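Undergrad: Following this message is one structure expressed as structure tokens.
Only the coordinates and a few stated rules stand behind these numbers; no lab work does. Quick caveat, the model's predicted, so the values are computed rather than measured.
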Amino acid sequence: MRVKTAIGLAALCCILGFALGRLSLLGGGALVRGGQAPLALPELERSDAPGEQGPPAFGPIDVNAADAETLCLLPGIGPKTAEKIIAYREENGSFASDEELMAVDGIGAATYENIRDYICIGGNAP
């Protein structure tokens, strides 16, 4: 599992767990409220090999439908850039292709390369 994918998955799990108020992190696992046994968190595998990166375990993010919070799950996209994506979408209509994201202020070629495997347009996965 690529490190970026693992980090994205961990972030999503934390957000969902804390939003539901059911998880609290404890060392190498997570304790479920109500006295249940701790949940084991998966070990992360580190790979620096090119070309092995796939979409995140939680599925690609549709940039035409995602809210700012969801867009912030993308690597290198913070709250300000997420708002710029939404503003661009509102001013120009839906993105016709994922490459069109580079027209958004703050998203250059490097950022696009970091997120392209994690996004889709209208539910069409890359």
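Undergrad: Once you have all Cα-Cα distances for segment 61-120, histogram them in 10 Å bins from zero and send the whole-percent values.
TA: 25, 68, 7
Undergrad: I would also like to ask the following. If amide H atoms are built 1.01 Å from N in the plane of the peptide, which residues on other chains or at least 5 residues away come under 5 Å of the amide H of Ile119?
TA: Result for Ile119 returns Ile61.
Undergrad: Compute the relative contact order of segment 61-120 as a whole-number percentage, counting only Cα pairs closer than 8 Å that sit 6 or more residues apart in sequence. Spell out each step's value before the answer.
TA: Details: 54 pairs, mean separation 23.7, N = 60.
Computed value for segment 61-120: 39 percent relative contact order.
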